[in-house]
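Read through the structure below, which is laid out as structure tokens, and then see the notes.
The values are calculated or read from the model by the stated rules, or taken from the named source; none is laboratory data. A quick note: this is a predicted structure, and the numbers were derived from the prediction, not measured. Backbone-built Cβ (ideal geometry, glycine too); neighbour counts: all protein chains shown.
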Amino acid sequence: MKMELKEWIKKRICKSLVEYDPGIVEIVQFGSSVYAPRYAKDLDLLVITRNKKNYGDYLDLLDELELPFDVDVVVKEAEEKIKSDFACQILGAFVILHGDGGYLAKIAKDSNPSFEEAWNCIKGIEGAENVIKRSAQARSKSERDGSIRLAFNRLFDAARVAVMVYLATNETRWGRTKRRLPPPYKNEFEEFINVLHIDYFYNGNYPDNYEEEFEEWHKRVEDFVRKMEEER
């Protein structure tokens, strides 16, 4: 994502959102545009407001700005709790664009990860297994590429959540949790980060025989999660 992103956010996106919905108390940027801006393809935003307006109107507003990049927006009300897996996704890397972060802390307060969530990342409806299966039904090359990348990253998400549960921490920043892991977990988790998350997901450097590669990493991540669960 280009360097002018900060200027677009400051001068156009936040300003327009708050003008449209004066009840907005916080706007949070999270995801790849924060911790891997070089490889990010879009901007993820969490909008926290006192009273939600029609969701489609927020999307229409952003479309009217004719931004040079895609924006994904999640809108929550100030008293609305968010699920643990989504909280982990946000708190892993975020920037407060509007407000002081107090509302984010409040709605994510009771979000505690579990091994069940780790297994859901692998086998659930939006888990890695189903995502890789859907890649074969993709309607275009770009859609297939996105599904393949997401499948590998869901394996990484499973490992990341398992690490949080194993360490009994709500710390979602994988750089910090990695340092607290004992060997050999630390080395294996670092490999998940470098290969699944950075190289395959963000760089898109997965091999041509991605299905075979996926099966190998799938088994490794399953073993990783299972061992951690057995030790807890």
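Restricting the first member to segment 215-231 and to residues that are under 17 Å from Leu181 (Cα atoms), and the second to residues that are small (Gly, Ala, Ser), the beta-carbon pairs closer than 6 Å and six or more apart or on different chains are Val221/Ala158; Val221/Ala159; Phe224/Ala159; Val225/Ala118; Val225/Ala158; Val225/Ala162; Met228/Ala162. Against the numbered list (1) assigned by TED's automatic domain parsing to the domain that holds Gly23; (2) surrounded by 14 or more Cβ atoms within 10 Å (Cβ to Cβ), Pro68 comes up short only at (2). I'd like to know if segment 128-138 contains one or more residues that are hydroxyl-bearing (Ser, Thr, Tyr), modelled with pLDDT of 85 or more, buried (at least 17 other Cβ atoms within 10 Å of the Cβ) and within 26 Å of Glu212 (Cα to Cα). Among the residues of segment 128-138, at least one is hydroxyl-bearing (Ser, Thr, Tyr), modelled with pLDDT of 85 or more, buried (at least 17 other Cβ atoms within 10 Å of the Cβ) and within 26 Å of Glu212 (Cα to Cα), which makes the answer yes. For segment 52-64, the set of residues classified as surrounded by 14 or more Cβ atoms within 10 Å (Cβ to Cβ) and part of a loop (DSSP other than H, G, I, E, B) consists of Lys52, Lys53, listed by residue number.
Among the residues of segment 185-212, the ones that are more than 17 Å from Asp157 (Cα to Cα) and either charged (D, E, K, R) or not assigned by TED's automatic domain parsing to the domain that holds Arg149 (or both) come to 3 in all. Selection of helices (runs of 4 or more DSSP H) fully inside segment 86-177 by the criterion of at least 3 residues being in contact with a Cys (Cβ under 9 Å, 6 or more places away or on another chain) returns 141-167.
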